[in-house]
Every structure is written in C-alpha cells, then in structure tokens.
There are 4 protein chains.
Amino acid sequence: MLNSRWFLEFTNESEAALHSIEEVLYTSQTQYQRLEIFRLGKYGKALVLDGKMQSAQSDEFIYHESLVHPALITHGEPRKVLIAGGGEGATIREVLRYPTIESVTMVDLDEEVVEACKRLLPEWHEDTFDDPRVEVVYEDARAFIENSTVPYDIIILDLPEPMEEGPAIMLYTEEFYKNVYKHLSAEGIMVTQATTIAPHNLNSYRIIFNTISQVFPVVRGYYTFVPSFYTPWGFVLASKASDPKSLTYDELRERISRLNASLGFYNEETHHGMFALPDYLKKALDEEKRVNRDSSPISFY
Amino acid sequence: MLNSRWFLEFTNESEAALHSIEEVLYTSQTQYQRLEIFRLGKYGKALVLDGKMQSAQSDEFIYHESLVHPALITHGEPRKVLIAGGGEGATIREVLRYPTIESVTMVDLDEEVVEACKRLLPEWHEDTFDDPRVEVVYEDARAFIENSTVPYDIIILDLPEPMEEGPAIMLYTEEFYKNVYKHLSAEGIMVTQATTIAPHNLNSYRIIFNTISQVFPVVRGYYTFVPSFYTPWGFVLASKASDPKSLTYDELRERISRLNASLGFYNEETHHGMFALPDYLKKALDEEKRVNRDSSPISFY
Amino acid sequence: MLNSRWFLEFTNESEAALHSIEEVLYTSQTQYQRLEIFRLGKYGKALVLDGKMQSAQSDEFIYHESLVHPALITHGEPRKVLIAGGGEGATIREVLRYPTIESVTMVDLDEEVVEACKRLLPEWHEDTFDDPRVEVVYEDARAFIENSTVPYDIIILDLPEPMEEGPAIMLYTEEFYKNVYKHLSAEGIMVTQATTIAPHNLNSYRIIFNTISQVFPVVRGYYTFVPSFYTPWGFVLASKASDPKSLTYDELRERISRLNASLGFYNEETHHGMFALPDYLKKALDEEKRVNRDSSPISFY
Amino acid sequence: MLNSRWFLEFTNESEAALHSIEEVLYTSQTQYQRLEIFRLGKYGKALVLDGKMQSAQSDEFIYHESLVHPALITHGEPRKVLIAGGGEGATIREVLRYPTIESVTMVDLDEEVVEACKRLLPEWHEDTFDDPRVEVVYEDARAFIENSTVPYDIIILDLPEPMEEGPAIMLYTEEFYKNVYKHLSAEGIMVTQATTIAPHNLNSYRIIFNTISQVFPVVRGYYTFVPSFYTPWGFVLASKASDPKSLTYDELRERISRLNASLGFYNEETHHGMFALPDYLKKALDEEKRVNRDSSPISFY
C-alpha cells in the first residue's frame, strides 16, 4: 500500500520530487524561513528549509565531506575556520577531524534552525557543537565577515541557494567575495556550495564561478553527487595560493591519514575525481562573462 | 501558470519524480513493453520504457559516453562490438567514434522501440543506424550471444534495469555473464550499466558487481551522474586482461585524440574520476557475498 | 503498472487532483488561454483551459443539463437564447432540445477553442453547431450584450471561473448583471455557473449569489455534482418573474415530456433536488453582504 | 510558497487527490489497518484509514447527517440503534439527536482507531461516547450481529469501502444483509454507505444496491456530496415497511423539529433531494443483475 504522506519539492517550474514521509519530526515558521525536519522513507531524517531539501541522513556525509575536505586538505594546516550557514553542524563535524584546528566559528542567521538540529539531528553534528573550539554566532554572515578582525585560514560558505527574496541572495556577489578575500590569511581558502551542474540547468553555477574568478587568483570548480539533491552538485574552491589539483596521490593520502576519523566518501582518488570537469562544463565556464554584483544581483532561477 | 501535463515516475515505493511534459511524441504498448517518447520541460526529448526514464536529450551524452568510452579506450583497438539493448542508437554513435571499428552488432528485443527511436530521436543516433558497419538484430540478447560464433572485442550491456517480470531480468545472472565471457576475444571487455550507487539504495549494484566478479579476472566498478536519472549511476567494467585504472593520463589523452569527434563528458580526467570509488562503496562491494543465478534470481527491488 | 502521464490540477494552493492521461489530443496557447484536450483514464475526453478542467466526457451531461434545464423549463416557452461562453457546444445541444427555440446565439471569446471542440468533441456538440438556428460570435460577451438590441428569453453564462487576470473576471459584477437584466425579455431568466459550494470554499459562491440578488427580483441558488470537478457545483438562476421552485412535479413532467430527447440527469425530482439547499448554505447566503462591482472586483480566490 | 507536506490518495489507478498537510496529528499501524489523523490545509482535521479519507472536519456533517437522518426520520420512533463501524463517533452524535433513543451500540473492530478519535476528534463525537445510552463493542460486526439477540430499530453500516483484503469485504454480501434483516424489528431500517455514484465508476454502487434488493422489500438509493470524497456519495436505505420517499414535507418538518439540535445539511428539502435519482442512475440500477455473495465476493474495484 502506497504511503499517504509525501514531501513534494518543486526544484523548478518543470521538475518536482516526491519522497514518502515516515514521520514529521518538526515544523515551524521561524523568523527567517519555513523549517521542517522529516524522517523520509528512504533517506532517513532530512532537513528542509523553505520547502527545499538541505541534507538527508543517508547521504549528508557525501555533501559535507565534499564541501569541507578539498579545501582543508589543500590548505594542509588549517587552524582558524569560519563557516557561514551550516546549521546542521555536520560541517563543523568534518572540520574538527583536523587535529590542527584551533577555532571554528559558525555564523548562522537562524537560531531556531540550529537549535532544532542540535536536538533532532545528532547524527549530523555528533555533539561537536559542544567542542570548546566551536563558537556559534547568530548573525548575518555578510555583516559578521565585514566586521571580523580575525584572518581565517578557511571560510566555508554552506548556504541556501541564491533564491530571489531568499536569505542568502547577497552572499553570492562579487562584493561579498571581496570581503571574504580580505578576511582570509595569506594561504587562505574559501569554498562555497554552488548549486547544480546539470547540463540543462547550469546558469547559477556558471555565474557563481565567474563571479568568484574576478576576486581570487586560484579558482577551481568541482562537483559531487548527492542523491537526495537529485542532481550532481557543484562547488567552487577559491584560494590565495595553493591549488587542489596540484596535490599528488601520495600527498593526499598522507594528509588524509592525519585526520582523526575514517571518511565515507572522500579519499585521494575522489579528491581528483571531483575536480575532473567534463568538457561541457569547462566550455561553459570558459564562455561565461556575467558577474553577480550587489547593485544588480542576477536572477539565478 | 503551472503546466498541466506531468510525467510521474516512481523510482521505488518511497520516491517519485515529476517532469512537466511539453509534448507527447509517441506512445505505444509494444509487444514487450510500454513505450513513450516525451518532450520534457527541461530535458528536451526523453525515451521512457515501462514508465522508467531511459535517456533524455540534455544529458544522454553523459550516460552514453560513460557507458562506452571507458571500455573501448581501455581496449585500445576495438574492432568488433556487440551491443545488447541500446535502442536509441546513441551507444552505436559513441562506438563508431573509433576508427578501428569493423562491425557493430546491436541486439534489441523490441523492433518497435528501435523504429520509433530512428524516426523520433535523430539527436541520439545521428543516423549511425545507416552506417554499413552496423547491423541490428531483433532477438533476445541472451539467446543471440549463446548462439554467436564471433569473438567480440567489446560487449556492451545497455539494458533496462533488472525488474522482476521485466524483459532484462535474465541478463544479470552469473550464467549469462559466463556466456558473455566465452564470446569475448582474448583482450575482450564487457561493460554493463548497473543501476544506482546511492548509499540508501545500493543493493542492486552490489549484487551485479559481485556476480560479475565470479566470472572475470579484472572487474572495476565506476559511476557517473545522469541528472535525468535523479541519482548517481553505476557501471561495471569486466575485462579479460587490461585494467582501465592502469592507463596514464598521457595514454588516455593519446587514445582519445584518435577519436573522430570531440566529446562532451569523457576525458582523461573524468575517466579516472569515474573509477574513483568512495569508501562507502568500496566497503559495500568488499562485503558483498550474494551471486545472482538463473535458478534463483535475486529480487533486486 | 502505473500510468506515466498525468494531468495535475491545483484547484487551490492546498488541493490538487491527478488524472491519468491516456492521450493528448490537442494543446495550444491560444490568443486568450492555454487550451488542452486530453483523453483521461476514467473520464474519457476532457477540455482543459488554463490548466482547469472545464468538462469531461463521462459527466458533462450532468453539468450541461443542470446548467440549461432549470432555466428553460422554468421559462416554459424559450425562443431566443444567448449563451456566453460554452465553447464545447454542449450547452447549445441542451438548448436545442426545446422545440420552441428560434435562435441560439453563442458568444465566445476564443475561436480556437470552439474550432478545436467542433473537431475533437463531437460527443459534446452532436453537430448542433450546424443547426440553422445557431449563430456563433467571437467577441467579448460583455461588449456583445451591451450592444445587443434583441431581448432574450434566456441568457446562459457558461463561463470560466472568476480568476484574477482570467478572461471572465468582468462577467461576474453587478454592472454586468444589470446589463444582462436589461437585455432579457419580460419573462426572461439568466443562469450562471457559480463555482463550488463546498463548505470550506464557499466564498465565491456567496459573493456571486449576493451580487445577482442586487439586480433580479427572483434569485435561486442550486447545485449539482460533477465528479470531474471534485466538488459539488453551484449555479444561480435569476428571473424577472417565474420561480423554479414553484413548479409542481406534474408541471415539470409535462414540460420535460415535450423535449425532443431523453435526458441522463435532469428530471422532475432532480429539478427540486437541485434547489433543495442545505442549511449551511442558506445561512451563508443570508449573511452575505459583499457585492462584486467593476470598480473593485472582489478577489474570489 | 507551496506547502511541503501532502496527503496523496489514489482513489483508483487513474485518479489521485493531493491535500496539503498542516499537521500530522497521529499515525499508527493498528492491528487492523494504517491509521492517520491529519490537519489538512482546507478541510481541517481528517481521519485516514489505509490511505483513504474517511471524514474531514469541514464536511463530515454532510456525510453523517446524510447517513443517519433519512433512516431515523423515516422510522419515526427509533429506540434501539446498532452502528457497525463509525469509529469517529459522529454517527453516534447524530443518532443521539433523537429523544426516543434508548440505546446505541457501536461495533467497531479497531479499538485503537476509536481511542484515537476520542482523543483527537472531539469535534466529531462531541463527547457522545460518554452518554450512558452508548455502548462500544470491539468486535467483528458480522459476528456481533449474528450472535445478537436484540431486535434493532435501525442498523447503520458506517463501514470502509469493500476493498479486496480490506476489513469490510464480508460486510457487503447477501448473506450478511440477511443477517441484518433478521436482527431488525418489524419496522426496522438498515442504511449503508455505498461508495461513489459517479457515472464513470458506478460498479460498486450497482452491486451493493442489487444485493440488498434481494433481501429487503423496500430499497431506496440516495446520495449526497461530500467534498472531501471528491465525488458524489451513494447510500442505500433498506426497510421492512416504511418508505422514505412517501413522507410529505410537512411530516418531515414535524419530525425534524423534534430533534434536540439544529442541523447543517439535512432538512425536509434535502431529504427528498437526496432520493431524487438521476436517470442514468435509475437505469443502471434497473439493469443490474449481479449479487455479491460470500462464496464469490465480487471484486468491487
């Protein structure tokens, strides 16, 4: 017998996904967004913001390892890390796998989301919110970075998609990335999730990539797959100095071996696999000229 | 205003996808299956068999390049190729990119599907059905291979998923793979599509991989992403001798340069990227003990 | 195996219906609206305008008999009938069942809809478009009535729902009804479809009823069920003189016996059944004070 | 922004309804069925059994008044009433509106359903479970009636639809109705819900009606609309003596005036309106020859 309860997500006006809901664990209209936590038929628990899947229990490790490790492994000695967004706490979890970490500052707008994740998604954060090196700040990430005096080794942008009228729209502009640049240390690296790289829906990724390319000397696109996102998922890594593609398999293996945990997705092979861009994507990035600016933020969707 | 017409595909009892339909180009109940060709809102044309998306215009190149090139590039000098399934003709198209090809035999059960694809999906086959080296046989692929006397360099299994009561269920068993082995030349390579590798739905891929491992000395899992499949997609390459992972970037580049067309997805980097298995998948394959046999075909779903 | 093709209709932001599509018979963006004709899994053919089911083969007789006969039977001797909307031709069909009819004028904005119905929905119109008493005018019904010099015995408003920005929004106002009144003969009757009477969604019906009540001396609400509308469907009959509720069973039987066809839904019992209003509806109509005017058309949805 | 949570109900293989879920109030797999209580976007609370809407807050009064009052009003002096099914308690509520009632026995298989309704659906039962005249028995209704020694004035069958393998399949057979007949007093009346009367889906109603006609001398079909059922809903009233259609408006008014509450749907007009059968339905009932028997229960769907 078919389930009665379904999570319906329109990813655009022509595509939607349906997931059976085993249990509704939490729903709320927070100060900033609609927050829902479900237990789905196949994916386990899932965090949903404004009707969009953010991460799901069965494959969040793919997303979070892919978001965090390319940047931190490339840096080699990350000590001070800033996370913008990342409410589930899984980004913190992955960052704390590095013994060199001295501080992790997470800036998330929405305290209610973070509190709900703390309570209901322990499989994500694994109690790393309690680590003494971790500080959580409830503030707009853009304002926080502008006012920050710390130079960070790594800034991780773990943000909702740049929807018009969404809370993250001003965190994908050239002006913002310039600010990020300013607050990185000399060997600093920024990484951002950057929406889908599906051939039929490449617009957002191209713009984000090209916008970041205006600001950083080393910019690398990469991608992974997250089944609960239904589509291959893109990231952009931007660095002041080191290049993730120049690391050898041996170097990668050695750096990964220092982590204090074994991983489920990321290894020396998947590192390079993620940076192996298909030709259609290389071509699209080469041809892109648009830059996303505060004054006229591009409509991504 | 939302579209009225939607293609609803339940991929399992807990997940479904909705795509808006721009145009219904063809529908038929053939002798073997329900056949539909749509023009979708985002993906362009799409071939649907028994309600399941087979390939879509915007990303079929990712599927077909990923299916064909790892095997043929690894072989190096493919001359005689057998394709089981592959009705759209895009697998033929990719095979014919190799100047060494002498013959391509495609065995598909369902003439009506092939005829509809010939007529309605020229973007897939690019008229390669008319190439004098191509022969299409309408027959059960298993019987055809058993009775074949040709040793093939490459056998490509471009089949529907192993659904209970589906037409392809007996093309995923150890007995079948033994037959494939027997009809390959000494340097022969088999490749098969092998369903999703999503962590929550790994059962079919594990069994297929382990079943093939009973028969071939070199067996390599790999995967790609095909957005219209909503999930990362697995393949298994099985070889009598050469190993796709042992090719250097230079070797790959040189071999790819001999092809008579430029590709959209496959290159020396994505070649290795596809064989870069995440740890969760390596572990699952290592632990798998089940073998799919004619006498008791495993229920994949 | 579940069908692949579905007609998805959101009737409001909280409810939708899905119907399997057997065949897409016609789709077009006309000058005025999106036009689709489907063959559905259960209802046979269906006319869909702007994504909204207009009528379906298996139960259009219920809608059209309920729309036409209460007014025409109540009148007794209808000779000149005006239909606003009614593109399928089934309203004409029902009107022509009265031997007294001298002329039927149908005013529909959208010639492409009428032409498509003529060609594809013969079960609806039964070739009555060809009757010499029938004239079809492609024009805005409001303008047509304003400029008309004929006094009509019956004016039938067979219109799309009053959607904001929809083509029919100005055909539900007090000013419009006053115009209708002016162009009716002394015994004239107007009838309009008037949206759902479901208790949870009564807003539109109440307003339409009360607006008409400002203009006509005899105003009667009635309703029927049309399964393809998913909800009980309301009408308003407005008369200058005679009252449909005052007819006896014998009178009704006698008048119905004069029709030149047997009906599927309407008879002397269902006539009174349709005017038998539940108490919740009577109460709602009694309490309603809103009037829909040109200057500030009420938002119905 | 569209809601994320939807109740998806396939009413047959070609039709489904989607309702937005505001809140999941209860879910359980009971000993007998899947039980869910939702708060829906438009209908308020709703009871769902095995994925099928049973009743909804905004229109349950239409269903329950239509189920109860035609029989009890026709009887005139109901004292002993048996209800089979009716877990929500709203059928009890309507029965207790008659001052003549001495006892109401409700037999429901599933204690967990009744307990959940008691706790979560007070708007339905209005605490009538606590009335000293009410007894609830958790047992199979068929066995209970067979073993009963009380002659009842009224037996109300407020059952789930006759689904193959459903709990109610044996409560729609000739043998069962004979048993009901035996346990009714000389003026006794049985009434049963009897599925949809939509023209395209009339099979079940016809069979139920004809089966009951084998057993009772007076059998009357009637119907109402319940928006949350998406379709007009049929009932069958079967009586040993009195005929609901023979009551005059004055008699009805007088009998209704004795009730200890005002109603929302049922009145002297809607009474006759419900028994006013359309010609398509009369014809279908006249032609029906099938009888549902224990030995070979007819497949209703």
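What follows draws every value from the coordinates through simple rules; no lab data is involved. Predicted model only: the values in this text are computed from it and were never measured. Here the Cβ positions follow ideal geometry from the backbone for every residue, glycine too, while neighbour counts run over all protein chains shown.
Descriptive notes on the structure:
- If R0 is taken as 45 Å, the Cβ-Cβ distance between B:ASP243 and A:ARG79 corresponds to a FRET efficiency of 0.65.
- Amide H contacts under 5 Å for A:VAL137, placed H, 5+ residues apart: A:MET106, A:VAL107, A:ASP108
- Cα shape, chain D, gyration tensor, a/c 1.5 rule: rounded
- Average partner coverage of A:150-162, which counts Cβ from other chains inside 10 Å: 0
- The residue among D:THR248, D:ILE145, D:MET1 whose Cα reaches farthest toward the positive pole of the charge dipole of chain D, with charges on the beta-carbon of Lys, Arg, Asp and Glu, is D:THR248.
- Label point of C:VAL150 (7 Å along Cα→beta-carbon): distances to the other copies' equivalent points are 6.6, 7.4, 8.3 nm, sorted ascending.
- For the peptide C:267-279, the mean number of other protein chain Cβ atoms found within 10 angstrom of a residue's Cβ is 6.
- Placing dummy labels 7 Å off each Cα toward the beta-carbon, the span from A:GLU123 to B:SER295 is 3.8 nm.
- Remark on C:THR196: its backbone amide H falls under 5 Å from those of C:GLY234, a criterion applied only to residues 5 or more positions apart or on other chains, H modelled at 1.01 Å from N.
- Rounded if a/c under 1.5, otherwise prolate or oblate - segment C:143-301, Cα gyration tensor axes: oblate
- Segment D:230-236 - phi-based ³J(HN,Hα) in whole Hz, Karplus 6.51/-1.76/1.60, Gly and Pro as x: 6, 7, x, 10, x, 9, 10
- Each Lys and Arg Cβ is given +1 and each Asp and Glu Cβ -1; about its Cα centre, segment C:6-55 then shows a dipole of about 180 debye.
- Per-copy distances of the B:GLU126 label point, shortest first, in nm (7 angstrom along Cα→Cβ): 4.7, 5.9, 7.5
- Where labels lie 7 Å past Cα in the beta-carbon direction, separation of B:ASP140 and A:ARG39 in nm: 4.5 nm
- In sequence order, calculated HN-Hα J values of segment C:131-138 (Karplus, 6.51, -1.76, 1.60; Hz; x Gly/Pro): 4, x, 7, 9, 10, 10, 10, 9
- Inter-copy label distances at C:TYR138 (7 Å, Cα→Cβ; nm, one decimal): 4.4, 6.2, 6.8
- Selected from D:THR27, D:ALA16, D:ALA56, residue furthest toward positive end of dipole (segment D:1-61; charges at beta carbon): D:THR27
- Taking a ≥ b ≥ c as the square roots of the Cα gyration tensor eigenvalues, the protein assembly as shown comes out prolate, since a/c reaches at least 1.5 and a/b is larger than b/c.
- Magnitude of the charge dipole for segment A:36-159, about its Cα centre and with charges confined to Cβ atoms of Lys, Arg (+1) and Asp, Glu (-1), is about 320 debye.
- Here the relative contact order of chain D, from alpha carbon pairs under 8 Å that lie six or more residues apart, stands at 16 percent.
- Size of charge dipole - chain C - debye, nearest 20, with Cβ of Lys, Arg +1 and Asp, Glu -1, no other charges: 580 debye
- Mean per-residue shielding of peptide A:228-234 is 4, counting Cβ atoms of other chains within 10 Å of each Cβ.
- HN-Hα J in Hz across segment B:11-26 - Karplus 6.51, -1.76, 1.60, θ = phi - 60°, x for Gly and Pro: 7, 7, 6, 10, 9, 9, 10, 10, 10, 5, 9, 7, 7, 8, 8, 6
- Among D:ALA168, D:ALA16, D:ALA238, residue whose mean-square fluctuation peaks in a GNM of chain D (springs only between Cα atoms under 10 Å): D:ALA16
- If both residues of a DSSP beta bridge must be in the protein assembly as shown, then about 70% of such bridges are antiparallel.
- Note on chain B: with a GNM built from Cα contacts shorter than 10 Å, the maximum mean-square fluctuation among B:PRO167, B:PRO70, B:PRO132 falls on B:PRO132.
- Using a Förster distance of 25 Å, the FRET efficiency for D:GLN29-B:GLU164 (Cβ separation, nearest 0.05): 0.50
- For segment D:6-56: relative contact order, % (alpha-carbon pairs under 8 angstrom, 6 or more apart): 26 percent
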